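Here the structure is laid out as structure tokens; the discussion comes afterwards.
The values are calculated or read from the model by the stated rules, or taken from the named source; none is laboratory data. Quick caveat: nothing in here was measured; it's all calculated off a predicted structure. Note that each Cβ is placed from the backbone with ideal geometry, even for glycine, and that neighbours are counted across all protein chains shown. Only protein heavy atoms, including side chains, enter the accessible area calculation; ligands, DNA and RNA are left aside. Shrake-Rupley method; radii C 1.70, N 1.55, O 1.52, S 1.80 Å.
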Amino acid sequence: MSLPGKLALVTGGSGIVGGGIVRLFMQMGAIVVAPLRSEACRAGLDSALQGTQYNPSSLLTPLADWGTPSTLDADLLTGAVHGRVTGHLLLAKHMLPIVNKDPGSSYTIISGLVSGPKGEVNVPAEYTLAAVANCALYALVDCIRAEQRRAAYRVNELRVGPAIRRDAEEQNAGLPEMQAFPASRLAAIALRIATGQQRDEVVEVHAQDMA
């Protein structure tokens, strides 16, 4: 499978999941645009790409405390939902109109699972804001998928349950109590969705899917 000449926009490219997707898509020959918010984000992406051989011209990089219910207030909750949802809303609003109008094009939104049948995601109280913000994102994605259901291109959501780590690391430092899987494995799933036939689907990823 290769993506020569294809253009891929990857937001969150400085993160563990996004960095793994950037790396794989470049290795498959795509030109990747990974918008970054700061030099610190650029350093994060550089870390994710460490040891990867790629043509520099194929990568374009234009430049919270989650709390528990008893410690939160309305401003913190509003900020968390805003931070998780608004970026996806603006991206969909401005990027979907310029996606190639053919079935070979796709738009995938990556979110996190707040619960899972295999028990790998039992949300503790201290992740209240993350859980609430993710649920708000689910509602937005459902609306985006509904609006774009008849579009020529494909819109899907990838919900990630298990913890993800950088390939070069042994664990996800933010979730030390959970088994973490290499970002490259999740990137391979994202690639299959981007180049496959799924349309208007929510693809859930659980620990057994990453083994």
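General observations
- Efficiency of FRET between Asp75 and Gln53 - r from beta-carbon atoms, R0 35 angstrom, step 0.05: 0.15
- Looking at the chain, the pairs of alpha carbons with a distance over 27 Å make up 31% of the total.
- Each residue, Cys143 and Asp200, gets one label point 7 Å from its Cα in the Cβ direction; the gap between the two is 1.9 nm.
- Expressed as a whole percent, the accessible surface of the chain that belongs to carbon and sulfur atoms is 55, based on a 1.4 Å probe.
- Residues whose placed amide H lies under 5 Å from that of Ala30, excluding near-sequence neighbours: Leu3
- Phi angles of region 196-204 translate, via the Karplus equation with coefficients 6.51, -1.76, 1.60 and θ = phi - 60°, into HN-Hα couplings of x, 10, 4, 9, 6, 10, 9, 9, 8 Hz per residue; Gly and Pro are given as x.
- Mean-position separation - Cα centroids, region 12-57 and region 173-211, in angstrom: 17
- Placed amide H near Ala180: partners under 5 Å, 5+ positions off or other chain: Asn172
- Scanning residues 5 or more positions from Gly112 or on other chains, those with amide H under 5 Å from its amide H are Val160, with H placed 1.01 Å from N in the peptide plane.
- Peptides ranked, highest mean first, by Cβ atoms within 10 Å: ranges 9-22, 144-157, 74-87: 9-22, 144-157, 74-87
- Value of D in µm² per second that Stokes-Einstein yields for region 1-73, Kirkwood Rh from Cα pairs, at 4 °C (1.567 mPa s): 99
- For the chain, the mean residue ellipticity at 222 nm estimated from helices alone is -12500 deg cm²/dmol, where every DSSP H run of n ≥ 4 contributes -39500 (n - 2.57) and the total is divided by all residues, rounded to the nearest 500.
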